[in-house]
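What follows is a set of notes on a single structure, which appears directly below.
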Amino acid sequence: MRLADSLWTEWKIALRFLLDNRMQTLLITFGIAVGSAVIVFITALITGLQANVIERTLGTQAHIRILPPDEVNRILPADEVSWSLVLESPRAQRLRSIINWQDIRDVLDQDTQILAVSPVISGPAIARRGVARASVALLGIDPPRYQRIIPLANDLIAGRFVVGAGNAVIGKELARDLGLGIGDKLRLDAGEGREAVVDVAGIFELGVRELDARYVYLDLKQAQTLLDLPGGITVIDTTVAEIFEADRIARRLARLTGLRAESWMETNGQLLNALSSQSMTTEMIRVFVGISVAFGIASVLAVSVVQRTREIGILRAMGSPRGQILRVFLLQGGLLGLLGSACGGGVGWGLVQVFNLFGPRLFEIPVDPTLVPLAMLVATITGVLAAAMPARRAARYDPAVAIRYV
Amino acid sequence: MSEPTIKRAGEVLRLDQVRKAFNVGTPLETEVLHGIDLSLCRGELAALIGPSGSGKSTLLNLIGLLDAPSSGELYLLGQATRDSDDEARTRLRNQVIGFVFQFHHLISAFSVLENVLMPLMIRHGKPSSADIELARGLLDEVGLSAFADKKPTQISGGQQQRVAIARALVTRPPLLLADEPTGNLDTRTAQSVFELFHRINAQFGCAVLVVTHDPRLAADCARTIQLVDGLVVSDEANPSSR
Ligand SMILES: Nc1ncnc2c1ncn2[C@@H]1O[C@H](COP(=O)(O)OP(=O)(O)OP(=O)(O)O)[C@@H](O)[C@H]1O
Ligand SMILES: [Mg+2]
């Protein structure tokens with residue numbers, strides 16, 4: 001007999017057995033549904049939360065920053081027969097440019113793993129207005145390139161995003177501290193007599209206090225003059241397509257350029273740690289809920305196999321092969337998993353929508369359209385696996401003994 | 001397998017020195033059947049009688065391939081079965097044997113009609129319209145066409161037994177086995193079930209072996225086989241049968 005024909009019968013028997021035990025089926029389906037709802041909801045919540053945190057973190061920083069290597073003392077190695085005792089005082093790291101940065105930029109532009117490249121010059125300065133002073137970080141940028149690293153124009157709360165020709169864009173906190181509005185003048189002092197007066201063209205709010213209080217954007221040329229690095233830049237910011245590959249890509253870029261490459265993963269180690277332990281917790285919840293669902297299915301089917309001993313015996317007596325009995329119960333497990341997870345998946349999805357509508361509204365949880373189908377698939381497979389033990393037991397019944405069972 | 005198969009014309013079943021012991025290898029080991037020789041031909045209707053505990057059900061289970069003999073050989077349609085595996089025995093059960101159990105044993109999750117169709121569904125999946133027609137015909141034959149869509153729990157014991165007979169016949173088996181099919185029925189209903197066996201036997205020509213305690217019902221059968229303490233003590237034709 002073809003398997004498809006046999007499956008027709010098995011499908012029919014499995015369905016009837018489930019319908020016949022309506023109460024049991026209903027209860028275990030409810031149990032599976034609760035489990036699946038929890039899994040779907042918590043998965044969506046945590047995935048959404050993590051995506052949100054990462055998005056916020058990366059919204060205000062480059063994925064990989066390429067910096068000039070640290071300056072170190074060169075110590076002549078001692079000759080083979082003598083020892084050298086070295087007392088070293090570390091070098092002060094003065095502001096200096098990346099050599100040949102134009103070439104490096106061009107090479108990075110061609111790199112397929114890198115989405116955006118933006119040379120930046122940055123250095124410290126004092127901002128003054130009247131008697132008020134604030135220490136700031138000057139950032140000389142090439143606006144179109146920089147926009148692709150941090151879309152600053154989206155974060156403007158006043159004015160326009162223009163730098164150059166004596167214009168600067170500053171953060172909201174700095175504007176408040178110095179009482180600055182659009183069109184006001186701001187004096188920047190980078191030390192050693194290098195000073196400039198700029199117009200405030202735009203005010204941004206990135207939502208990170210440190211940045212909003214310190215960043216002053218200028219164009220490359222003006223910043224280079226102020227920081228006394230004509231034609232130089234101090235860092236190349238890049239973004240990559242695969243954010244979790246940033247570490248690996250950074251190492252590759254370091255080898256490629258001979259410079260220092262810092263990935264966001266390195267600079268946000270704490271955050272990543274927190275996220276991964278959160279993921280682990282979620283994973284554990286999922287596994288344990290999955291296990292209890294599996295045990296629920298297994299125990300219901302184990303009871304059902306005992307209850308149906310005689311009927312199994314009759315089926316076997318009528319010529320039903322062992323494999324058919326096995327599949328009847330595997331199918332029941334799969335059906336319970338599918339049915340329960342379909343209900344539970346729907347409920348979980350609904351919970352996410354409720355959370356989005358009425359929750360704390362800190363962030364929106366997007367539900368991956370594959371999440372519920374995936375949960376259903378996993379639950380179905382879990383059901384089949386959970387059914388394996390009872391099903392094998394049913395298939396092994398000796399028909400002569402099973403028929404006499406009361 | 002070396003034994004020559006001397007097959008009588010139309011022989012459906014032959015037992016050759018069949019023994020059956022239970023709990024083999026334990027202190028509780030008991031031999032229930034002590035070497036049974038028996039054969040049954042096409043169109044024969046035989047009653048198997050004997051006191052309780054004489055081994056009738058054990059014998060029927062062996063013939064129905066639900067259990068295997070401890071020694072001896074059992075031929076179904078001339079085919080030796082001792083060395084066949086579970087798969088082959090299962091197939092033979094479906095194709096050669098119709099079994100009516102003492103306690104009718106319908107499957108409660110299915111309707112009367114579906115119960116009758118079950119052996120065919122096991123054999124080839126979704127029943128064809130010819131299958132359904134056949135099953136309805138058999139239900140008609142046992143006088144239950146009006147109950148086709150009822151659940152087994154909604155009909156009486158006698159009716160359930162008749163459904164079980166229809167189910168045993170739906171594959172048109174060459175051999176019909178019935179283990180005390182009337183054991184828990186009143187005399188009149190038992191009578192009508194036996195009527196049915198006679199009619200089916202005449203109509204389909206299948207061999208019927210039926211266990212009964214009722215001497216009057218047995219006397220009605222063409223042949224009576226008596227089993228006492230695991231041995232066939234008499235096997236004779238009934239002159240009084242029709
Ligand atoms: N599985 C088994 N294990 C051990 N002993 C068994 C088993 N099945 C049957 N017997 C024994 O075999 C003997 C015959 O039993 P069997 O059921 O064949 O009798 P029977 O003739 O059908 O009796 P009844 O008319 O009461 O149905 C009994 O003594 C019984 O205890
Ligand atoms: Mg018996």
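The requirement of being surrounded by fewer than 20 Cβ atoms within 10 Å (Cβ to Cβ), within 16 Å of ligand 2 (Cβ to nearest atom) and of a type outside the set (D, E, K, R) is not satisfied by B:Gln17. With respect to (1) among the polar types (S, T, N, Q); (2) within 16 Å of ligand 2 (Cβ to nearest atom); (3) part of a strand (DSSP E or B), the lone exception for B:Thr224 is condition (2).
Counting only residues that are among the β-branched types (Val, Ile, Thr) and closer than 12 Å to B:Leu209 by Cβ, which one in the stretch B:41-66 is nearest to ligand 2 (Cβ to nearest atom)?
Quick first cut of the stretch B:41-66, residues among the β-branched types (Val, Ile, Thr) only: B:49, B:58, B:63.
Adding the requirement that they be closer than 12 Å to B:Leu209 by Cβ leaves B:49, B:63.
Numbers: B:Ile49: 12, B:Ile63: 13 Å.
For the stretch B:41-66, the residue satisfying everything is B:Ile49.
Return the pairs, sorted by first residue and then second, in which the second residue is at pLDDT below 95 and of a type in the set (Phe, Trp, Tyr), the first residue lies in the stretch B:53-69 and is farther than 14 Å from B:Leu13 by Cβ and more than 8 Å from ligand 1 (Cβ to nearest atom), the beta carbons are less than 8 Å apart, and the residues are 6+ apart or on different chains. Within 8 Å, the pairs are B:Leu66/B:Phe99. Restricting to the stretch B:169-200, and then to whatever is at pLDDT 90 or above and in contact with a Pro (Cβ under 8 Å, 6 or more places away or on another chain), can you tell me which residue is nearest to B:Gly143 (Cα to Cα)? Per the stated criteria, the residue is B:Val170.
Just one of the numbered conditions (1) surrounded by 23 or more Cβ atoms within 10 Å (Cβ to Cβ); (2) away from ligand 1 (no atom under 16 Å from the Cβ) is not true of B:His124: (1). Residues in the stretch A:46-64 include at least one that is touching a strand residue (DSSP E or B) at 6+ places or on another chain (Cβ under 6 Å), more than 30 Å from B:Ala88 (Cα to Cα), crowded, with 19+ Cβ neighbours inside 10 Å and among the aliphatic types (A, V, I, L, M).
Determine whether B:Ile200 is within 14 Å of chain A (Cβ to nearest Cβ) and either exposed (fewer than 15 other Cβ atoms within 10 Å of the Cβ) or more than 16 Å from ligand 1 (Cβ to nearest atom) (or both). Answer is no for this residue. Across the stretch A:1-26, the number of residues qualifying as surrounded by 17 or more Cβ atoms within 10 Å (Cβ to Cβ) and not in a helix (DSSP H, G or I) comes to 1.
Output yes when any residue across the stretch A:296-313 is in the same structural domain as A:Ala386 (by TED's automatic domain parsing), in contact with a Leu (Cβ under 6 Å, 6 or more places away or on another chain) and of a type in the set (A, V, I, L, M, F, W, C), and no when none is. Show your work before the answer.
Taking the stretch A:296-313 as the starting set, the residues that turn out to be in the same structural domain as A:Ala386 (by TED's automatic domain parsing) are A:296-313.
Next, only the ones that are in contact with a Leu (Cβ under 6 Å, 6 or more places away or on another chain) stay: A:297.
So of that shortlist, the ones also of a type in the set (A, V, I, L, M, F, W, C) come out as A:297.
Yes, the stretch A:296-313 contains at least one residue that is in the same structural domain as A:Ala386 (by TED's automatic domain parsing), in contact with a Leu (Cβ under 6 Å, 6 or more places away or on another chain) and of a type in the set (A, V, I, L, M, F, W, C).
The values are calculated or read from the model by the stated rules, or taken from the named source; none is laboratory data. Just so we're clear, the structure is a prediction, and the values are computed from it rather than from any experiment. No Cβ is skipped: glycine too gets one built from the backbone with ideal geometry, and neighbour counts run over all protein chains shown.
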